[in-house]
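So the structure is just underneath, and the comments pick up after that.
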Amino acid sequence: MSDICINLVFEDVLSGVVAAKILAASRQRYSIGVRYNAGGFGWIKKRINGFNKAAKGMPYLVVTDLDTSECAPLLITRWLGVPRHPNLLFRIAVREVEAWLLGCREEFSAFLGVPENRIPVNVDEIPNPKEFVVNLARRSKKKGIRLDIAPQDRSTARVGPNYNGRLGCFVETKWDPTLAKENSPSLRKMIAALDVFEPSF
């Protein structure tokens, strides 16, 4: 069976690494065509209808964060405003892609150097996963984790200087989406959709 070639649209570097790992772990065989690093949700929102039209000739996987929106179906309806083409896989991380990393509770707690019981079982219920990860890192026993992931005192940055690098390394070497989905309904839905996806031309 030949691979399904799919273009990938994501908010930032970390989201791109996560999405690629999920595709690699899918029951379907995927190969990634073009990767669009949006640099934020605004770029995706502005172009989502263009991706929906382009999906007629080539599948697209679009991954964005729910952030403060009410729910994923409402966000999709508001952004698209037209019927979604079957080849447009539009998936929402609840509430940010960091929640999906936290879903691997044992592996992520060991990576950060914090007790596992500090990570909730249902990670989709964490209001601000990025901030949650940064605060966990501040309490880490590992100096390198603290310096890379948490911003310095008095800094106006939300995250540390090597936030994406450190977390991206975790994704590539330790993170298992098939384990993480047990603690994240939104990740479980994404994996289920990818496992059964067949392009429609």
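Among the residues of the stretch 119-128, write down those that are assigned to a helix (DSSP H, G or I) and in contact (Cβ under 8 Å) with a residue 24 or more places away in the chain. If the condition is that a residue be assigned to a helix (DSSP H, G or I) and in contact (Cβ under 8 Å) with a residue 24 or more places away in the chain, then Val123, Asp124 are the ones that fit. Here Thr77 clears all of (1) under 30 Å from Met58 (Cβ atoms); (2) of a type in the set (S, T, N, Q); (3) at pLDDT 95 or above except the condition numbered (3).
Residues considered: Val17, Val9. Of these, the only one that is assigned to a strand (DSSP E or B), within 13 Å of the chain's Cα centre (by Cα) and closer than 24 Å to Ala99 by Cα is Val9.
Where residues in the stretch 177-201 are outside any helix (DSSP H, G or I) and of a type outside the set (A, V, I, L, M, F, W, C), which of them is most open to solvent (accessible area, probe 1.4 Å)? Don't jump to the end; show me each part of the working.
The first filter runs over the stretch 177-201 and keeps only residues outside any helix (DSSP H, G or I), leaving 184, 197-201.
From what's left, of a type outside the set (A, V, I, L, M, F, W, C): 184, 198-200.
Working: Ser184: 0, Glu198: 119, Pro199: 44, Ser200: 53 Å².
Result: Glu198.
Answer yes or no: is there a residue in the stretch 138-157 that is part of a helix (DSSP H, G or I), touching a helix residue (DSSP H, G or I) at 6+ places or on another chain (Cβ under 6 Å) and within 16 Å of Asp67 (Cα to Cα). No: zero hits.
Checking each residue of the stretch 167-176 against the condition of being farther than 30 Å from Ser2 by Cβ, at pLDDT below 95 and open to solvent by 10 Å² or more (accessible area, probe 1.4 Å) gives no match. Could you tell me whether the stretch 96-113 includes any residue that is more than 21 Å from Ala192 (Cα to Cα), among the aromatic types (Phe, Trp, Tyr) and part of a helix (DSSP H, G or I)? The answer is yes, given that some residue of the stretch 96-113 is more than 21 Å from Ala192 (Cα to Cα), among the aromatic types (Phe, Trp, Tyr) and part of a helix (DSSP H, G or I). The residue that is least open to solvent (accessible area, probe 1.4 Å), among those in the stretch 56-94 that are closer than 20 Å to Asp124 by Cα and assigned to a loop (DSSP other than H, G, I, E, B), is Leu66. Go through the stretch 26-53 and give me each residue that's touching a residue at least 40 places away in the same chain (Cβ under 8 Å) and either small (Gly, Ala, Ser) or open to solvent by 50 Å² or more (accessible area, probe 1.4 Å) (or both). Matches in the stretch 26-53: Ser26, Arg27. Put simply, of Glu116, Glu106 the only residue that is touching a Lys or Arg at 6+ places or on another chain (Cβ under 7 Å), free of Cβ contacts under 8 Å to residues at least 40 places away in the same chain and either of a type in the set (A, V, I, L, M, F, W, C) or open to solvent by 60 Å² or more (accessible area, probe 1.4 Å) (or both) is Glu116. Inside the stretch 125-161, residues that are of a type in the set (Gly, Ala, Ser) and open to solvent by 40 Å² or more (accessible area, probe 1.4 Å) make up a count of 2.
The values are calculated or read from the model by the stated rules, or taken from the named source; none is laboratory data. Remember, it's a predicted structure, so these values are computed and weren't measured experimentally. With ideal geometry, Cβ positions are generated from the backbone for all residues, glycine too; neighbour counts draw on all protein chains shown. The area values use the complete protein model at the heavy-atom level, side chains included, leaving out ligands, DNA and RNA. Shrake-Rupley method; radii C 1.70, N 1.55, O 1.52, S 1.80 Å.
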